[in-house]
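Chemist: Sharing a structure with you now.
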Amino acid sequence: MQGEKIWLSPPHLGGSELKYIQDAFDTNWISQYGSNIDAFEKTIEDYLGYDSFVTALSSGTAAIHIALRLLDVKEGDFVLCQSFTFVASANPVLYQNAIPVFIDSEASTWNMCPNALEDAIKYCLQQGKKPKAIITVSLYGMPFMVDEITEIAKKYEIPIIEDSAEALGSKYKDRPCGTFGDLSIISFNGNKIITTSGGGILISRNQQLTDKALYLATQAKENRDYYSHSEVGYNYRMSNISAGIGRGQMEVLEDRILKRRENHSFYNEIFKNYDEIDLFAEPNDDFYSNYWLNTITIEENNYQITKEKLKKIFIENNIETRYLWKPMHLQTLFGGYKFFGNNLCGILFDKGLCLPSGTNLTDESKSKIRDLLTDIRV
Ligand SMILES: *Cc1c(COP(=O)(O)O)cnc(C)c1O
């Protein structure tokens, strides 16, 4: 082991986060009310545009859970969900005792396959139940096939919950991720493109839904002069301290997106020399990825290059890499649930690796990585 550890995607503070936290301390608004929360929500609403209404919450997972509640997902309901994702996309479906139905990816974006989606909808309809929601994901920052998926959702009148946890700053046809769902979510977990230390937002296009989201996230407390409740609620609001970090981070978002995209160009220079290794990239000009994580897939080859071997080389050099998300339909947790598709996402999982993609990746770290990747054929 040598040198300082190079992480996959560590937090990268901008500079003014402490100022906003200090404001919270100075005014004694250190809990779930205060000007940081209001300003953070407003900043993101302005950034996203398209009549977005934002509710700041304790996590992206909480935001998906609230989205399911807003769509009245209950026990026994079908919810269609991209299989190739982090478990947080699907866990809230189980919180509601609903039934997840998993959908395969297509090859160009690695996100939800329109054909598999339609097959799954037809299956649910045959069971006599229209699915209550479609959870799409923009994995690793790559927008999903927005037009095709939206068309199917409209045809069958099923609302979309857009899990853009990883895709703040990404765009499809110049429109930002986070504005494509009937409800959308973004995560500010520590490993995401910007962070609030932990947190998330729910985005809607409708003030009433946003009011209801806030109500559900604050224990479903009714507006009376005593504590009055008639349905189950949660303690999911973001704190004013976290929102202060978020305000500072929003000031550097554009820089962070450019840095991630520079990382992508850096890897592209390296991997263009290897026929057996594909760097995952935008399929065409309609797609603009924040390249949250750079990922490669390794085809069978005569040089004994495998994801395990690369991972080992990196570990020996104190560099963090990760395998791709293991699809939900291959997880023990979801063993009994239906899956539609040809297991493309399982194949991607088998041959893929995520590479260090932090915005604070130094030139020194990059040359270390470049050196390691220059001589991997045997
Ligand atoms: C990080 C992530 C989430 C969950 O966000 P948290 O803020 O960690 O709860 C959901 N979906 C995807 C695809 C994610 O990567």
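All of the numbers you see were taken from the coordinates with simple rules; none came from a lab. These numbers come from a predicted model, not from an experiment. Every residue, glycine as well, gets a Cβ built from its backbone with ideal geometry; the counts of neighbours run over all protein chains shown.
Chemist: Given charges of +1 on the Cβ of Lys and Arg and -1 on the Cβ of Asp and Glu, with all other atoms neutral, how large is the dipole of the stretch 188-255 about its Cα centre, in debye to the nearest 20? Present the calculation step by step, with values, prior to reporting the outcome.
Modeler: Numbers: 7 positive and 7 negative charges, 28 e Å.
In debye, rounded to 20, the stretch 188-255 gives about 140.
Chemist: Here is a further query. Express as a percent, rounded to the nearest 5, the fraction of DSSP beta bridges in the stretch 105-233 (both residues included) that run antiparallel.
Modeler: On the way: 8 of 15 bridges.
Of the beta bridges lying entirely in the stretch 105-233, close to 55 percent run antiparallel.
Chemist: Test of understanding: what is the full-extension gain from A107 to D225, defined as 0.36 nm times their sequence separation minus their Cα-Cα distance?
Modeler: On the way: separation 118, 0.36 × 118 = 42.48 nm, distance 5.54 nm.
Result: 36.9 nm gained on full extension.
Chemist: Next question, about the same structure. Starting from the Cα of E148, step 7 Å along the direction of its Cβ; do the same at T332; then give the gap between the two resulting points in nm.
Modeler: Output for this residue pair reads 3.5 nm.
Chemist: Taking the chain as a Gaussian network, where each spring joins two C-alpha atoms under 10 Å apart, which residue of A120, A217, A107 fluctuates the most?
Modeler: Maximum among the listed residues: A107.
Chemist: Of K19/K42; K129/K338; K130/K173, which sit over 22 Å apart, Cα to Cα?
Modeler: Working: K19/K42 18 Å; K129/K338 15 Å; K130/K173 30 Å.
Among K19/K42; K129/K338; K130/K173, the Cα-Cα distance tops 22 Å for K130/K173.
Chemist: Then there's this: If you wrap a convex hull around the Cα atoms of the stretch 231-275, how much volume per residue is inside, in Å³? Before the final figure, lay out the partial values.
Modeler: On the way: hull volume 6.2 nm³, N = 45.
Spelled out: Cα convex hull of the stretch 231-275, divided by residues, is 137 Å³.
Chemist: K368: which aspartates and glutamates have alpha carbons under 12 Å from its alpha carbon, excluding same-chain residues fewer than 8 sequence positions away?
Modeler: E4
Chemist: Counting other Cβ atoms within 10 Å, which chymotrypsin sites (Phe, Trp or Tyr not before Pro) in the stretch 153-245 have at most 10 and lie in a DSSP loop?
Modeler: Counting only loop positions with at most 10 other Cβ atoms within 10 Å, the chymotrypsin sites (Phe, Trp or Tyr not before Pro) in the stretch 153-245 are Y226, Y227.
Chemist: Let me ask something else about it. Please check which bits of the stretch 232-267 a label hung off N28 would reach, taking the label as a point 7 Å along Cα-to-C-beta and the cut-off as backbone N under 16 Å.
Modeler: Flagged as within label range: none.
Chemist: Right, next: Quick check on the stretch 1-134: of the DSSP beta bridges with both residues there, what percent are antiparallel, nearest 5%? Please report the intermediate quantities before stating the final value.
Modeler: Working: 1 of 8 bridges.
That works out to approximately 10 percent antiparallel.
Chemist: Distance in nm between label sites at I347 and D363, each 7 Å beyond Cα in the beta-carbon direction?
Modeler: Result: 4.2 nm between the two label points.
Chemist: Mind pulling the per residue volume of the convex hull built on the Cα atoms of the chain? Å³ is fine.
Modeler: Values: hull volume 54.2 nm³, N = 378.
Taking the convex hull of the Cα positions in the chain, it is 143 Å³ per residue.
Chemist: Straight-line reach only, C-alpha to C-alpha below 15 angstrom: list the aspartates and glutamates that K221 could link to, leaving out same-chain residues fewer than 8 apart.
Modeler: Straight-distance partners of K221: D211, E231.
Chemist: Next question, about the same structure. Two decimals is fine: what is log10 I(q)/I(0) at q = 0.14 Å⁻¹ for the stretch 107-244, from a Debye sum with one equal scatterer on every Cα and no solvent?
Modeler: Here the Debye-derived log intensity ratios amount to -0.77.
Chemist: Sticking with this structure for a sec: Show that you can apply the helix-only estimate: for the chain, add -39,500 (n - 2.57) for every DSSP H stretch of four or more residues, divide by all residues, and state [θ] at 222 nm to the nearest 500.
Modeler: Values: 12 runs with 136 residues, N = 378.
Result for the chain, helices only: -11000 deg cm²/dmol.
Chemist: Please report, in whole Å³, the volume per residue of the convex hull around the C-alpha atoms of the stretch 250-378. All intermediate terms of the calculation are to be shown ahead of the outcome.
Modeler: Values: hull volume 20.7 nm³, N = 129.
Taking the convex hull of the Cα positions in the stretch 250-378, it is 160 Å³ per residue.
Chemist: Residues of the stretch 52-96 with the amide nitrogen closer than 18 Å to a label point 7 Å from the Cα of Y123, along Cα-to-Cβ, please.
Modeler: Those under the cut-off are 76-85, 90-91, 93-94.
Chemist: Can you give the FRET efficiency for D51 and R370, using 1/(1 + (r/R0)^6), R0 = 45 Å, r = Cβ-Cβ distance, to the nearest 0.05? Walk me through the numbers before you get to the answer.
Modeler: Numbers: r = 44 Å, r/R0 = 0.99.
FRET efficiency, D51 to R370: 0.50.
Chemist: Is there a pair in K272/K366; K272/K326; K192/K309 whose C-alpha atoms are over 18 Å apart, and which pairs would that be? List each step's numbers first, then the result.
Modeler: Working: K272/K366 16 Å; K272/K326 26 Å; K192/K309 26 Å.
Checking Cα-Cα distances, K272/K326; K192/K309 exceed 18 Å.
Chemist: To the nearest 0.05, how large is the calculated FRET efficiency for S265 and V378 if R₀ is 22 Å and r is the Cβ-Cβ distance?
Modeler: Between S265 and V378 the formula returns 0.20.
Chemist: What is the log10 of I(q)/I(0) for the stretch 79-123, computed with the Debye formula using one identical point scatterer on each Cα and no solvent, at q = 0.28 Å⁻¹?
Modeler: Per q value, in the given order, log10 I(q)/I(0) is -0.99.
Chemist: Which shape class applies to the stretch 293-362: rounded if a/c is under 1.5, otherwise prolate when a/b exceeds b/c and oblate if not, where a ≥ b ≥ c are the square roots of the Cα gyration tensor eigenvalues? Don't skip to the end; give the middle numbers.
Modeler: Numbers: a/c = 2.42, a/b = 1.64, b/c = 1.47.
Verdict is prolate for the stretch 293-362.
Chemist: Do you know the relative contact order of the chain, to the nearest whole percent, from alpha carbon pairs under 8 angstrom that are 6+ apart? Provide the component values of the computation, followed by the final result.
Modeler: Working: 815 pairs, mean separation 94.3, N = 378.
It rounds to 25 percent for the chain.
Chemist: Roughly speaking, what is the centre-to-centre gap between the stretch 99-170 and the stretch 303-358 when only Cα atoms are used, to the nearest Å?
Modeler: Centre-to-centre distance over Cα atoms comes out at 22 Å.
Chemist: Another question, then. What aspartates and glutamates could a cross-link reach from K5, if we take a straight Cα to Cα line under 17 Å and drop same-chain neighbours fewer than 8 places away?
Modeler: Straight-line reach from K5, under 17 Å: E316, E320, D363, E364, D371.
Chemist: Let me ask you something else. At most 13 other Cβ atoms within 10 Å plus a DSSP loop assignment makes a site exposed; report the longest stretch of the chain without any exposed GluC sites (Glu not before Pro). Walk me through the intermediate numbers first.
Modeler: Details: sites that count: E4, E75, E157, E222, E231, E299, E300.
With a cap of 13 other Cβ atoms within 10 Å, the longest stretch comes to 76-156.
Chemist: Go ahead and run the numbers for FRET between T218 and E251, Cβ-Cβ distance against an R0 of 35 Å, rounding to 0.05.
Modeler: Result of the calculation: an efficiency of 0.80.
Chemist: Counting pairwise Cα distances across the stretch 179-276, what percent come out greater than 21 angstrom?
Modeler: Values: 2593 of 4753 pairs.
Value for the stretch 179-276: 55 percent of Cα pairs lie more than 21 Å apart.
Chemist: Here is a further query. Nearest 5 percent is fine: what portion of the DSSP beta bridges confined to the chain is antiparallel?
Modeler: The answer is about 60 percent antiparallel.
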